[in-house]
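Remarks on the structure that follows.
Each reported figure results from applying straightforward, stated rules to the coordinates on display, with no laboratory input. Everything numeric in this text was worked out from a predicted model, so none of it was measured.
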Amino acid sequence: MHTVIVISIGLILLGLCTFVGHMLGGAPGMSAATLVFLPLWFIGAGINLIIGVKRAGYSIAEEAPVFLVVFAVPAVVALFAWWKFR
């Protein structure tokens, strides 16, 4: 359940970045905002990984696949949005 919540947060962050990009520059701004989202979400997913290791007691080997899913789902949506808005 935690993974679904974190992925949802990533999609909400993507929506927020896209909205700000639209307000600042229309479709080109939305395209740029999706690219800005990627490093932000990489950091966010990394923080989730650190919390899983430090607080929940999982090993890096256990958290790495979760990190990949948590990062990849919103990142794929962002790359699709970038492709559509460019």
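Figures for the structure shown
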read-out	value
Rounded to 10°, Cα long-axis angle of helix 2-54 versus longest principal axis of the chain	0
Nearest 10 degrees, 0 to 90: helix 60-85 Cα axis against the chain principal axis	10
With 10 Å bins from 0: P(r) over the chain, alpha-carbon pairs, percent	20, 46, 23, 10, 1
